[in-house]
Every structure is written in structure tokens, then in C-alpha cells.
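> One structure follows; several queries about it will come next.
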């Protein structure tokens, strides 16, 4: 079986081919998840005579197979029904009542079908009268009445496509004309308004599909809208007859068995499950790709994902996740391949290994990868199956009679199990993201980055603190959703006939909620990671330049003390590590005081080498020189950090709120670092997502307003909020742009 990553890349490319114009052909057996997404999520092409230009991506053309074998199966199935009806034989749903009322009999199958639709049109849609805002006759509603009680159009378009694909298989006894009419409505963007609640997904999604049937026959009580409005109309709701007239669509009177053939299936559960699993797959793969970025942000070890670890515990999902992270990190300057082996005294007080959220990520993500693959396989089978009752088996040989099978292919528990498990997987992936996010924000855990990832002064810049709190809310909600097992919550229904019911559509709805919350959490994590990577790059630049500053100040303040340039280098190498350690320990201290403490940390090793190594020092020790060194070094390190901050955040020194000791700036003439300052340090693959956020979305490093001390208010120039920027990432997650970036990141990684 192909790895999750291979499947994911293939799905992204397949969807793009359909959005580029490749037609979709329905044949009953090859409907793919990207095909359903292409039809459900994108409106049909508008009429060529539309008065306004239409530049957005459109759904591909939808065609019925030209296979004569498929048409013959549909015709043969229909012939079985016609023959048995003509013979006066008793068939469930054709001559009998429905469910617990199947002991009633009639010889009027058309009236029976109408009665089926009548009793299934029981869903609540608000407002109660189309076009009448309910809040005008009472208090304002707590939720939007329409959106709170009706399904979004993509759910219904997905269901119509899945149902058409089921009916074309020739097991439901419907006419080819019915399949053609359903496909015609999909092509024209006709969408019935379907109640959000009311399906128990036992005898299929009876109630939701009854509204599709009502649309096809032009029932005036059925409300309609459009995926794309025809010329001369708007997106407002209208009655089915009016909507059909507006699109030049002729209603289709149904014949015996067709009413039940439309209703008795799992199309809404399977359709929504398809849309959910596709975006959940992105969250799953992001769990690994964001782990790779987190390893870079925290100077973690690539060696945690070494193939040997997976070979020692060969769970397929764990091996896939580890291999993906390992390959994503290839070429990174921030991640170390393996932690260096050092003497005990050399790393006293240093965390010996990466934290759980990094080094156990493959073990955490592996089961979720496996669950995602199982869910996709289950849904793929479901959307290419006949979910109906009774089933019609056409005769296998000429002259033989067809058979009617009374069974239970409408029972949708396979979808429930897939959705329940997927919801738990989302909660587990979200837990990993949340822990990584909080550890990156925590200065006690993030290896030298400022608390809250402040870009400016920690006392006046609280960076990602609000996102930290929001992420906790998302994670908490995900925990509640993930712990919910819809499949065990069934209750008996319909005169105790539907004593077992799957609640598959309910589970899919809750999994969609979990997915939407996961997208908020993932977007927050991406935003935080990009900030952390920029700050890691800033810290790297600061560390790289600090040694030269220390050497320069030592040479200046102890001009006659060192016997040779090499001696000066020895002292510099003794002093600089202590200064760098103190820089990492004081990220939350005000700049002036911080640099005073940093330079103080360098005094002890300086005194030690000056007093204990005569080969380095030729003059007597002058305490005034120590005082002068501390003063000059503090000023220069203060200037260096200030100039680096300005260079990273594209703030001129004239704009910046500078420390009092910075009158001589610039001292270092550091050029602007560009819009993606961390790029050069990142692995080639992880760089793609970072640059997408920084360059394509235009979300810059946080902190420029704090450096300028800009105040929010009328006429001020404060940048957009953290929430606004995170929302841009959420939109890129939902519209597929990030999935394409992630697919490019993973391209060529053979798992």
C-alpha cells in the first residue's frame, strides 16, 4: 500500500488536474475523493453571457460514462422492477409501507413514493418562511437561523454526486433518465436547501436525500439556491419550480421505486466524510512538517528521526512519519544531525535530549497516519458502492429472472467508525501542535528565544501570549470533541424498526467541527513557528557577531595586556561563551540592564585568564580597565542587538525607539535582512512553507510596531492583529494553497 505521503501528493495533484479542466466521468466504480472535492467545493462554470467576469476556479465538467455495459445494467435493473410491478408482486418500498409500517400494502407505487417524500420532509429549516428574517418578529437569534439549521451547499453537492454514482451501478431499479437529471442539476449548480439535522443514517440519510428528490420533481415546498446563480438571478433562496425554470431545467416525475432509490443511501454521510478526510489529511501531514520546523526553531536534533529508531520498532505509520521529518530536515543549519558527545563537565545543567514534543513525534503521529489511511480506504469503498434497500440483481443470463434482495446496505456504521476515529486523530495531532507551540513560547524551554517570542523589549512586547491562550482554547475543545464517540450513542427510532442506527452524518458533522478547530490551531502554530524561526536567525546572527565585538573591546580596553594576537584570541574564547550563555538567560530583562548583566558574566572568566595565565597578559591588572570594558561592551552589544532587530523587522534607526546609550548608532551598519530573514538557515524543504507565509501571504515578523512604540488608535499605523494574520493562514489552509505547498515540500520523499 502506498504511504500516506505518496497518497497525499497524488491527491493534491489529481485535484489540480480537474481544476485545470480535466473532465470527471461517472461510471459507478472509480469515483475518487479529489473528484468529489472538485465538484462539491467549486461552483460550475458560469454562463458565457454573464455580465460580470468570473475569475475564480470552477468545477470541472461532469459527464456520464459512455459505457454501454453500464447503461445496460441500469436498464436491466429497471426492467426487473417493471416486470415485478406488472405481475403484482409484493416488493418492499414499491407495494409496501416503509420501515415499521412495511406491513401495509398498496397497488399505487407512485402515490406511495409521494407519501415517502411527504413524511421525510420533516427537517426544520429557519426562518420558517423563505426570505422572511425571523429576527424581525422577535428577539435577535443566538445563532444565524439559516446557517444554523441548513447544510452548506458543498455538502449537498457532494451527496448528489455520490448518490448519482451509486444509482448508476444498476442495483437500485431506477431509470438512466433519473441519473441524467441528477447530473444535470449538479452541472447547473442547483442546490436544494437541506436541513442540517434529522438524519440518523440508519436506513441511509433518508431525510436529507428526500430534499434532493423534492428538487428533482419540482416540489414547490422545497427551497433552492445555487452554487453559481444563472444570469438574471441572485443567490437568494427560491422555490424549486422557480429555480428549475431559471436554469431551463425540466422537473422529472418519478416512477415506482425511484423515490426510495434516491433516499435509501449513505450519500450525505459519505459525501461529507470525503470532504472532511481530505482536509484532515492535510492536518496529519502538517503534524510532521510543523514538527520539522519546530526542530529547527528549537535547535533540535535530526537524529531523533534516524531510520534505526523505526527499524527497532517497525510500526508502519511511525516509520513513515519519522522518515518524512528526517528528510524534511536535510540541509538545515538550525537542526543538528546528532547531539554531540561531550564530557560530563561540559554539559552540566544542559538538557541532554530534545523534549517529548519533538523526539517522540513519529511515535505520536504514526498511529494517526495509519488511521488516516484506513479512513480514506473505507470512504473510497463507500462512495463506489450501492447503498440501498432493496437491492435489485439483474438476471445474469438471457431469459432468467432478476432477484430482489432485502438487506441492509444503507447502514452507515463504516462511516461512523471512520469519522469517530478521525476525530480522535485530530485531537491527538492537535495535542502535539499545542505542546510544541507552548514550549516554543516558553523561555525556560525554547533554548534562548525571548519569552512569548517578543520581537522587541519583553516588558512592552508580549508577542504570542494571546495566541498561546487561544491555542489552549482550541486544544481544550479538540480534547472534548476527540473524546466523543458518536457511534455508541444511538437510540432506537421509527417504531423500533431502526433499532440500530449509525449516526454517521452526526459523526461527520462533529468531525468537521474538530477539523475547523484543528485548522485554527495549526494556523496559530504556523504563525508562531515563523516568528520563532526569525528570532532563531536573529539570535544566530547575534551570537555570530558577539565574539568579534568582545575581541574588539578587549583589544581596545586592554591594549597593552596581550602578548600576541593569539593570546587575545584565547581570552576571547574564554569570555565569549559566558556572555552568550547570559544572553540566552536574560531575554526577559530590559535591554540596558540585560547587557550590564551579560558583560558582568564575562568578567569572571576574564579575571581568571588574566591572573592565571602569564603567557596571555604582560601588564598588571587595572580595575579601571574592567569598569571601562564593562561599560563599552554593554553599549556595543546593546547597539548590536538594536541594529539587528531593526534589520530583521525593516525598521529604520530613525523610527526605532532607541536606548539612551545609542546616540552613536549605527555602529555596525547592518543591512536589512529582507522579508524572509530566516530562509538561509532553513532546510530547502521546510523553507517552502516559511517563505509561503512570509513572501506569498505577506505576513512579516512581529515586533516592528513595538520597536517604533506605535500606539493603536485613530490615524495610527499599527499593523494588522495577530488574529488577522492567523486568519490569513487559516484561509490558505481551507482553500488548498497550503496543501499545495506541503505537497511540494514532500515531493520526492520516498517512504
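> Would you mind calculating the gained length between residue 709 and residue 403 on full extension (0.36 nm times residue separation, minus the Cα-Cα distance), in nm to one decimal?
Gain on stretching residue 709 to residue 403: 102.2 nm.
> Sticking with this structure for a sec: With Rg and Dmax of the Cα atoms in Å as the read-out, I listed (1) 33.0, 120; (2) 36.5, 120; (3) 25.7, 89; which label goes with the value calculated from this structure?
Comparing each candidate, only (1) matches the computed number.
> Here is a further query. Expressed as a rounded percentage, what relative contact order does the chain have, with Cα pairs under 8 Å and six or more residues apart?
Computed over the chain, the figure is 14 percent.
> If you don't mind, there's one more thing I want to ask. Report the extension gain between residue 585 and residue 556 in nm, rounded to one decimal, defined as 0.36 nm multiplied by the number of residues separating them, less their alpha carbon distance.
7.7 nm
> Please determine, in degrees from 0 to 90 and to the nearest 10, the orientation of helix 504-557 with respect to the longest principal axis defined by the Cα atoms of the chain, where the helix direction is its Cα long axis.
10 degrees
> Arranged from highest to lowest average of other beta-carbon atoms within 10 Å per residue, in what order do the peptides 496-505, 248-257, 516-525 appear?
516-525, 496-505, 248-257
> Something else now. May I ask for the angle, rounded to the nearest 10°, between helix 267-297 and the longest principal axis of the chain, with both axes built from Cα atoms and the value confined to 0 to 90°?
Helix 267-297 sits roughly 10 degrees off the main axis of the chain.
> Roughly what angle does helix 591-612 make with the longest principal axis of the chain, taking Cα atoms, 0 to 90 degrees, to the nearest 10?
Roughly 50 degrees, rounded to the nearest 10.
> Using the alpha-carbon centroid of each, what span in Å lies between the range 513-532 and the range 352-376?
One Cα centre to the other: 17 Å.
> With an 8 Å cut-off on Cα pairs and a minimum separation of 6 or more residues, tell me the relative contact order of the range 534-731 in percent.
20 percent
> As a check on your grasp of the helix formula, calculate [θ] at 222 nm for the chain: sum -39500 (n - 2.57) over DSSP H runs of n ≥ 4, divide by the residue count, round to the nearest 500.
Roughly -17000 deg cm²/dmol at 222 nm, from the helical runs in the chain.
> In nm, give the distance between the simple-model label positions of residue 341 and residue 83, each being 7 Å from the Cα along the Cα-to-Cβ direction.
8.0 nm
> Pull up the DSSP beta bridges for the chain and report the antiparallel fraction as a percent, rounded to 5.
The antiparallel fraction comes to roughly 75 percent.
> Given the peptides 162-168, 649-655, 664-670, 383-389, arrange them by the average over their residues of other C-beta atoms within 10 Å, most packed first.
162-168, 383-389, 649-655, 664-670
> Efficiency by 1/(1 + (r/R0)^6): what FRET value for residue 351 and residue 543, r their Cβ-Cβ distance, R0 = 30 Å, to the nearest 0.05?
My answer for the efficiency is 0.95.
> Sorted by mean Cβ packing within 10 Å, highest first, what order do the peptides 623-630, 298-305 take?
Most protected by this proxy first, the peptides run 298-305, 623-630.
> Using a basic spin-label model with each label point 7 Å from the Cα along Cα→Cβ, how many nm lie between residue 750 and residue 147?
Each label point lies 7 Å from its Cα, and together they span 4.7 nm.
> While we're here: Any idea how far apart residue 721 and residue 465 come out in nm if each label point goes 7 Å out from Cα toward Cβ?
Simple spin-label model gives 1.7 nm for this pair.
Values quoted throughout were computed directly from the atomic coordinates according to the rules given, and no laboratory measurement underlies them. Bear in mind that the values here come from a model prediction, so they are computed numbers and not experimental data. Here Cβ is always computed from backbone atoms with ideal geometry, including for glycine, and neighbour counts include all displayed protein chains.
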